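Below you'll find the structure, written out as structure tokens, and then a few comments.
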Amino acid sequence: MTIRRRIPLTGTWTVVNDGVMGGRSTSTVQEDPTGTIVFAGDVSLENNGGFASVRLPIAESDLSAFGGLRLRLRGDGNRYQIRLRTDDRFDGIAYSARFQTTGDWETVEIPYAAFEPTFRGVRPRGAPPLDPSRIRQLGFLIADEQAGPFRLEVADLSAYVVNTAPH
């Protein structure tokens, strides 16, 4: 039996692309009529660019009773990151985990242990591991020199734990 808690994807998303450092990537984030979040755009490697991202502040959530995050999504064959932050700051440490998409609707499970601390693409020395009791922001990022158009649709996000107790 799987126990889960849905994490709402509604609210004011913020787009953060490589233009903050002179790049030329573009992206948008919208909610379609079914409630699915659509993150789409074009990654450009010009001017030392190469990333597009979106983030959403969420009410501080204690998700420590769960083992990770489950996403119901459809990608385009590109590799993405889901990023979590434990504070409200614009800049600072993010905890990221990569996932590969297939182009079809799929369910992706990412255990908390897969989230690594990063700061501007580098793993900072001495950074603490993700504290799932303090998640304040979530987001998605495409980078890794994947130039060209992209589209990621996220229909559902939840924290999950698999109950392995006998029935």
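The values are calculated or read from the model by the stated rules, or taken from the named source; none is laboratory data. Values in this document were obtained by computation on a predicted structure and should not be read as measured data. Don't worry about glycine lacking a Cβ; one is built from the backbone with ideal geometry, like all the others, and counts go over all protein chains shown.
Structural remarks
- Contact map, segment 20-48: residues that are more than 11 Å from L152 (Cα to Cα) and at pLDDT below 95 paired with residues that are of a type in the set (K, R) and not in a strand (DSSP E or B), Cβ distance under 8 Å, separation 6+ or inter-chain. Pairs shown: E46/R24; N47/R24.
- Filtered by the rule that a residue be in a loop (DSSP other than H, G, I, E, B) and among the β-branched types (V, I, T), segment 81-108 gives T86, I93, T101, T102.
- Residue within segment 110-133 that is assigned to a loop (DSSP other than H, G, I, E, B), out of contact with any Lys or Arg (no Cβ under 7 Å at 6 or more places or on another chain), in contact (Cβ under 8 Å) with a residue 40 or more places away in the chain and of a type in the set (V, I, T) present: no
- Here L141 meets each of (1) surrounded by fewer than 18 Cβ atoms within 10 Å (Cβ to Cβ); (2) at pLDDT 95 or above with one exception, condition (1).
- Among the residues of segment 64-83, those that are more than 11 Å from the chain's Cα centre (by Cα) and closer than 23 Å to E145 by Cβ comprise L73, R74, G75, D76, G77, N78, R79.
- Of the residues making up segment 94-131, just one is basic (K, R) and either at positive phi or touching a His at 6+ places or on another chain (Cβ under 9 Å) (or both), namely R120.
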